[in-house]
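These notes concern the structure reproduced below.
The values are calculated or read from the model by the stated rules, or taken from the named source; none is laboratory data. Predicted model only: the values in this text are computed from it and were never measured. Backbone-built Cβ (ideal geometry, glycine too); neighbour counts: all protein chains shown.
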Amino acid sequence: MKNNSHFYLIGDKISKVYKAQPKYSAIVLATFVGIILLSFLSYGFISSIVIIVSSAFAGFLIATMAYESEGLAKKSNVSGESLLANTSEIIASYSPATQKCTYISPSIQTVLGHPIKDLKNYYDLSFIYKKDKASFLLKLNKLKEHTDTPLTAVVRLKRKFGGFIWAEVKAQAICKEKNKIDSIVLSFRDITERRVLTLANEDYIKELERKIQKFESDKTDIDQFAFIMSSHDMKEPLRTISSYSSMLESRYKDQLDENGKEFISFISTSANRMAGMIDEVLAFSSVRSKTTVIEEVKVNEVLDTVMRTMGHSIYKNKAEITFKKLPTVVADKRQLSRLFQNLIDNAIKYRTNKNPKINITCTKKSNQFEFRVTDNGIGINKEFHDTIFDSFERVNSSMGIKGTGLGLAICKKIVDNHEGKIWIESKGSNQGSSFCFTLPLLKIEQKKLNNEQCKKKLTLESSNV
């Protein structure tokens, strides 16, 4: 029974192989008949039977393995098709000879909504936007010259029910012979989200460039205005007003009552203040428009020069200015001198009823120098710490102290020109202030390079005047 069951199973297997793959069964049968004839002609009866049985079993095994391997191949093809159908990319095989696709993956339905049954309608790449398709096909022609280098492009793909997506296309040439393209494998990947962000950034950059151009235009207008002011000497009418008001006061002071004398004083004071404002505007424009030429500067020498320049003001207000050994920095000497002059003048101007005491110190911190100009003046409340460096900002204007509101704005611009920072530290009213600023530690090589660039720019500016 056991042997019979074995023969039954073998027979059943042969039957299945025959039903499923008759071509393999036919091959085995033909081989089997040939072996029988050859065995009876060449060997005895018993030997022939052994050979026949062995050959039959071997043929059965060959047919079974062929059947099962083809089954696995079919399963593999089904799995591959399923994978391509569910992938997020569209894969296509393009023939340069016919300029059409020979294959498009079923994933086109997932990505674009085009039915799988209509795939052949898109073999001409009609799912690519017309304008994008024309430029893309031109790029594909370049693969003939560079078959080893994949081509990348960005195109728009049309959805079935309207709209489009942005896709990145990668094209790789397949060559059976050297430099002879047999087909091109195309992969389309959805990059819509990334592309939208890129376009948004491009719009932002364009808007930023527009604002920069407007700013540069405004800056040019201000510089031209300052040039007109300086070249036409707009202070001349003010000097005339001041001169005639002084003459009026000296000649007719006996005929003027107190109100008349007060009016003349207002005229003279306003004219002088306007002249000071013009000087500050010119200084501010000069700092903004002129190129910063950096060099090695000894800060002590700069402060000695500032002390001599401000000698009268220092003596008149009995100001005490102290500083010890200060470093050599890489900076624009003219601008650095202006920076210290404005900060010292500010400390003297906004003093208390005590004699002004001003101390200048410097600390080296990692890659920069930090300077402090500390005074014993009226101080400033915290809410004004951020706005005090704005143009025409006068926090203490109600105190009747003369000023234009540009002194600290000039200081900020000078520090900005040197890529430093400036800020104020003050605990409040009548507690003094510390104006702090940083200057970067520049290497000598960088200084020389910057000087060369600045000299070239100055030469160009001089030639355009």
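Values as computed for the structure displayed
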| read-out | value |
| --- | --- |
| Sole residue being assigned to a helix (DSSP H, G or I), under 29 Å from Lys413 (Cα atoms) and modelled with pLDDT of 75 or more, chosen from Ser270, Ser265, Ser285 | Ser270 |
| Positions within segment 319-346 being assigned to a strand (DSSP E or B) and under 34 Å from the mean Cα position of the chain (by Cα), in sequence order | Val329, Val330, Ala331 |
| Any hit, segment 410-428, residues being over 34 Å from the mean Cα position of the chain (by Cα), farther than 30 Å from Ser268 by Cβ, at pLDDT below 85 and not in a strand (DSSP E or B) | yes |
| Residue within segment 68-83 that is within 18 Å of Lys170 (Cα to Cα), exposed (fewer than 11 other Cβ atoms within 10 Å of the Cβ) and at pLDDT below 85 present | no |
| Which listed residue is among the small types (Gly, Ala, Ser) and farther than 19 Å from Gly432 by Cβ, from Ala347, Ala331 | Ala331 |
| Residue satisfying all of: in segment 347-356; modelled with pLDDT of 90 or more and surrounded by 17 or more Cβ atoms within 10 Å (Cβ to Cβ); nearest to the chain's Cα centre (by Cα) among these | Ala347 |
| Among the residues listed as Lys120, Lys133, the single one being more than 32 Å from the chain's Cα centre (by Cα), of a type in the set (D, E, K, R) and either under 22 Å from Ile181 (Cα atoms) or at pLDDT below 85 (or both) | Lys120 |
| Residue within segment 145-160 that is in contact with a helix residue (DSSP H, G or I) (Cβ under 8 Å, 6 or more places away or on another chain), farther than 13 Å from Ile90 by Cβ, free of Cβ contacts under 8 Å to residues at least 24 places away in the same chain and hydrophobic (A, V, I, L, M, F, W, C) present | yes |
| Any hit, segment 347-357, residues being more than 20 Å from Ser313 (Cα to Cα) and of a type in the set (S, T, N, Q) | no |
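One line per residue, one yes/no per condition, for (1) in contact with a Lys or Arg (Cβ under 9 Å, 6 or more places away or on another chain); (2) free of Cβ contacts under 8 Å to residues at least 60 places away in the same chain; (3) loosely packed, with under 12 Cβ neighbours inside 10 Å:
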position	(1), (2), (3)
Glu236	no, yes, yes
Ser243	no, yes, no
Glu249	yes, yes, no
Leu256	no, yes, no
Ala271	yes, yes, no
